[in-house]
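Enquirer: Below you will find the structure I want to go over with you.
The values are calculated or read from the model by the stated rules, or taken from the named source; none is laboratory data. No experiment lies behind these values; they were computed from the predicted model shown. Methodologically, a virtual Cβ is constructed for each residue, glycine included, from the backbone with ideal geometry; neighbour enumeration extends over all protein chains shown.
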Amino acid sequence: MITAASPLRKRYAAASRVYEIKAMPAVRALEAVASGDSLDWKELSAGEITQRVKSGVGPGSIVLFHNAAKHTPEALPAVIEYLLQNGYAIVPVSELLLTGDYVMDHTGRMCRPDSV
């Protein structure tokens with residue numbers, strides 16, 4: 001969840017199966033949920049983590065990694081190299097959020113009204 005004060009990470013976001021950025025106007029906040037999970041917490045090998053990310057990434061993806069996962073540090077150089085070589089940019093979540101006039105499409109993605 002992203003609030004005016006600071007970003008917060010909701011635990012077990014996968015349980016909701018909602019994997020995009022969605023508005024929560026009642027609390028004046030936005031919730032950013034990963035669209036791809038590396039499953040690094042399952043102690044997958046660095047190669048398996050890399051393959052999961054490569055097979056699931058797309059424009060606007062938010063890929064979830066865990067800071068205490070055993071093989072994540074080993075996997076990140078290959079993941080980052082793949083993303084950059086394939087035209088992706090690594091940006092803070094705040095750069096994925098639209099400001100001003102936007103709507104939520106049927107998948108929960110933020111879109112400009114003229115693009116829906």
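Enquirer: With respect to Leu83, is the statement that it is surrounded by 14 or more Cβ atoms within 10 Å (Cβ to Cβ) and in contact (Cβ under 8 Å) with a residue 60 or more places away in the chain true?
Expert: Answer is no for this residue.
Enquirer: Which one of these is modelled with pLDDT of 80 or more, touching a strand residue (DSSP E or B) at 6+ places or on another chain (Cβ under 8 Å) and surrounded by 14 or more Cβ atoms within 10 Å (Cβ to Cβ): Val63, Val33?
Expert: On the way: Val33 fails: modelled with pLDDT of 80 or more.
Testing whether each residue is modelled with pLDDT of 80 or more, touching a strand residue (DSSP E or B) at 6+ places or on another chain (Cβ under 8 Å) and surrounded by 14 or more Cβ atoms within 10 Å (Cβ to Cβ) leaves just Val63.
Enquirer: Can I ask one more? Kindly evaluate Ile49 against the criterion of being modelled with pLDDT of 80 or more, among the aliphatic types (A, V, I, L, M) and surrounded by 10 or more Cβ atoms within 10 Å (Cβ to Cβ). Give the derivation first.
Expert: On the way: modelled with pLDDT of 80 or more: yes; among the aliphatic types (A, V, I, L, M): yes; surrounded by 10 or more Cβ atoms within 10 Å (Cβ to Cβ): yes.
Against the criterion (modelled with pLDDT of 80 or more, among the aliphatic types (A, V, I, L, M) and surrounded by 10 or more Cβ atoms within 10 Å (Cβ to Cβ)), Ile49 qualifies.
Enquirer: If you don't mind, another one. Looking at the range 98-116, which of the residues that are at pLDDT below 75 and of a type in the set (A, V, I, L, M) is surrounded by the most Cβ atoms within 10 Å (Cβ to Cβ)?
Expert: Here the answer is Met110.
Enquirer: So, one more: If you scan the range 66-97, which residues turn out to be charged (D, E, K, R) and at pLDDT 85 or above? Step through it out loud before you land on a result.
Expert: Start the filter on the range 66-97 by keeping residues that are charged (D, E, K, R), which leaves 70, 74, 81, 95.
Of everything in the range 66-97, those that are charged (D, E, K, R) and at pLDDT 85 or above turn out to be Lys70, Glu74, Glu81.
Enquirer: When you scan the range 87-113, how many residues do you find that are of a type outside the set (Val, Ile, Thr), outside any helix (DSSP H, G or I) and either touching a helix residue (DSSP H, G or I) at 6+ places or on another chain (Cβ under 7 Å) or free of Cβ contacts under 8 Å to residues at least 12 places away in the same chain (or both)?
Expert: Residues flagged as of a type outside the set (Val, Ile, Thr), outside any helix (DSSP H, G or I) and either touching a helix residue (DSSP H, G or I) at 6+ places or on another chain (Cβ under 7 Å) or free of Cβ contacts under 8 Å to residues at least 12 places away in the same chain (or both) within the range 87-113 amount to 8.
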